[in-house]
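Single-structure report; data block below.
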Amino acid sequence: TMLEHILVPLDGSPLAESVLPHAVALAHAFEPRVSLLHVVQRDVAPDMIPTMDPLDWQLRRAEAEAYLEEVAARLRAENVQVDLAVAEGPAAERIIGYARDEAVDLIVLASHGRGGLSEWNISSIVQKVILRSFLPTLVVRAYQPYSGELGGLRYRRVLVPLDGSQRAECVLPLAATLGRYYDATLILAHVVTRPEVPRHTPLTRDELALVNQLTERNRAEAERYLEELQPQLATKVESRLVVHTNTALALHELVDQEGVDLVVLSAHGYSGETRWPYGSVALNIIVYGTTPLLIVQDLSPEEIQRSPAETAFMERKGH
């Protein structure tokens with residue numbers, strides 16, 4: 001199976017538990033091991049050295065274990081294979097460390113947790129995990145209503161944005177497995193962007209003809225691409241070809257129009273810029289999307305350039 005180990009970080013809040021129906025749905029489709037992780041954070045003032053009284057740590061650890069046991073019992077009742085872990089320290093760093101050390105294939109994260117909902121679409125911990133784990137991640141929007149039911153989730157309409165590149169296609173095996181298991185419809189979406197011709201005056205007739213010609217050529221090419229791809233997936237597939245000035249905006253509109261309940265997206269498309277962990281479209285959907293998003297990282301940590309902040313931190317830590 002392509003997902004052998006799924007990590008579900010929980011902080012004890014009902015918002016964080018909004019991921020559980022998705023963890024169950026993925027566990028049924030892929031039959032992985034599911035690890036529940038609770039990170040006990042130290043409460044310190046910003047200018048204080050973080051220390052934790054050993055007795056306090058033991059108490060909080062015992063509380064965390066009891067909480068995870070209760071969640072695990074609910075998951076086991078849904079025939080999910082579960083184990084538990086408790087760590088101490090900064091949440092994002094511990095989640096990323098656990099995922100790397102334990103060969104996790106997918107992290108399932110709620111957009112918000114104990115800190116509560118905010119006007120930000122994702123919390124700072126989620127942002128850090130997404131940017132630094134270099135692993136496939138499912139982000140569940142915690143502000144969407146959650147009934148507490150664990151076993152009733154069925155994916156029905158799964159949007160798979162594709163731009164014709166092999167990078168974007170790295171999500172297809174995963175999406176197709178979900179499609180077959182849940183008898184869901186995969187909606188393969190390709191956005192043809194009209195070429196930009198920035199200038200102060202309106203385009204001449206010749207220039208406009210050139211833009212239209214190029215757009216039409218790309219549209220015809222995309223149509224052929226999607227037609228060839230469909231039969232290879234062995235599941236219910238529809239395709240959507242949209243001509244738009246903005247790829248991300250077109251995808252947000254498709255999610256609304258098509259009643260999509262999951263978006264499965266590659267971290268990079270054909271531009272494949274390795275300087276950053278995500279391309280601009282993926283980043284836009286992470287930050288502004290409103291549906292559950294399964295984002296597949298197509299690059300390994302070695303392929304992604306270190307940021308100046310990261311380099312400075314690593315050098316300082318080395319001294």
Exercise. Rg and Dmax of region 225-303, Cα atoms, in Å?
Worked result: 13.7, 38
For this session: Kindly work out what percent of the DSSP beta bridges joining two residues of the chain are antiparallel, to the nearest 5.
Result: 5 percent
Exercise. Measuring from label point to label point, each 7 Å out along Cα→Cβ, what is the Arg224 to Asp83 span in nm?
Worked result: 5.1 nm
For this session: Just name one of Ala250, Pro195, Asn218: the one whose Cα is farthest towards the positive end of the charge dipole of region 192-282 (beta-carbon charges, Lys/Arg +1, Asp/Glu -1).
Result: Pro195
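Against the globular-protein guess of 2.2 N^0.38 Å, express the Cα radius of gyration of the chain as a ratio, rounded to two decimals. Don't skip to the answer; put the middle values down first.
On the way: Rg = 21.7 Å, N = 319, 2.2 N^0.38 = 19.7 Å.
That works out to 1.10 for the chain.
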Seminar exercise, completed: Between the residues Pro9, Pro90, Gly279, the Cα farthest towards the positive end of the dipole of the chain, that dipole coming from +1 and -1 charges on the beta-carbon of Lys, Arg, Asp and Glu, is from Gly279
For this session: Starting from the amide H of Arg194, placed 1.01 Å from N in the peptide plane, find each other amide H under 5 Å away whose residue is 5 or more places distant or on another chain.
Result: His244, Thr245
Exercise. Which trypsin sites (Lys or Arg not before Pro) from region 130-169 combine a DSSP loop assignment with at most 14 other Cβ atoms within 10 Å?
Worked result: Arg154, Arg156
Exercise. Can you pull the percent of the chain's accessible area that's carbon plus sulfur, 1.4 Å probe, other chains left in place?
Worked result: 52 percent
Exercise. Rounded to the nearest whole Å², what accessible area per residue is found for the chain with the 1.4 Å probe?
Worked result: 52 Å²
Exercise. Say each of Met2 and Trp276 gets a label point 7 Å from the Cα, pointing the same way as Cα to Cβ; how far apart are those two points in nm?
Worked result: 2.5 nm
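The values are calculated or read from the model by the stated rules, or taken from the named source; none is laboratory data. Quick caveat: nothing in here was measured; it's all calculated off a predicted structure. Note: ideal-geometry Cβ built from the backbone for every residue, glycine included; neighbour counts use all protein chains shown. SASA here: full protein model, heavy atoms, side chains in, ligands and nucleic acids out. Shrake-Rupley method; radii C 1.70, N 1.55, O 1.52, S 1.80 Å.
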